[in-house]
Every structure is written in structure tokens, then in C-alpha cells.
Amino acid sequence: MNFFTGFFKGNPQAKGRTLRSATDGDLVFLHNHSTTSENDRGRAIVDIFRVKDGKIVEHWDVIQPVPETAANTNTMF
């Protein structure tokens, strides 16, 4: 929470949008699009959390910048 409080204070135009979510047992998966301004193409982010007793006990992520042009016709989102 401390990270995000400071991040959004310093980047008031920043936005995060969750496009997909899923669970598998004690794992939660989020597919997000994060931008810092209106002109920012942003980053594609996959967060994976392991939850125990209602609390996050482990976290992994993969972050990739959204390219200006795609190598194929698929979108990242």
C-alpha cells in the first residue's frame, strides 16, 4: 500500500485496469494494463498471488511494455 500511495501521488494521471482474473486453488491471477499518463501506451502486467487465510503470502509478476507496433494481429489485451 505504501508503494501505491506514493506512486499515485507522484503520478496523478496513472491508471490501472484489470482485464481478466482467475483463481486456481490458493492462487489468484490478474491480467492488467497499467499507464502513467494519457499518452503512455503502458505495460501489460500479469500478477499471481498465493493466498493463505485471506492474506497474500507470495507474489509473482511479469511486466512487458506495450510496443508501438505489434509483430502480429493479436492484441496484448
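What follows draws every value from the coordinates through simple rules; no lab data is involved. Being a predicted model, the structure only gives us computed values, none of them experimental. Heads up, the Cβs are rebuilt from the backbone with ideal geometry, glycines too, and the neighbour counts pull from every protein chain shown.
Overview of values
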{"item": "Label assignment, mean projected area of the Cα convex hull in nm² derived from the structure, set [x] 5.2; [y] 5.5; [z] 6.3", "result": "[z]"}
{"item": "GluC sites (Glu not before Pro) within the chain, DSSP loop, no more than 14 other Cβ atoms inside 10 Å", "result": "GLU38, GLU68"}
{"item": "Loop-located trypsin sites (Lys or Arg not before Pro) in the chain, at most 15 other Cβ atoms within 10 Å (DSSP)", "result": "ARG41"}
{"item": "Relative contact order for the chain, counting Cα pairs under 8 Å that sit 6 or more residues apart, in percent", "result": "21 percent"}
{"item": "Span from the segment 1-29 Cα centroid across to the segment 51-76 one, whole angstrom", "result": "11 Å"}
{"item": "Gain on full stretching of the segment that runs from VAL51 to ALA14 - 0.36 nm per residue minus C-alpha separation", "result": "10.6 nm"}
{"item": "Max mean-square fluctuation residue, GNM over the chain, Cα-Cα springs under 10 Å, options VAL46, VAL57, VAL66", "result": "VAL57"}
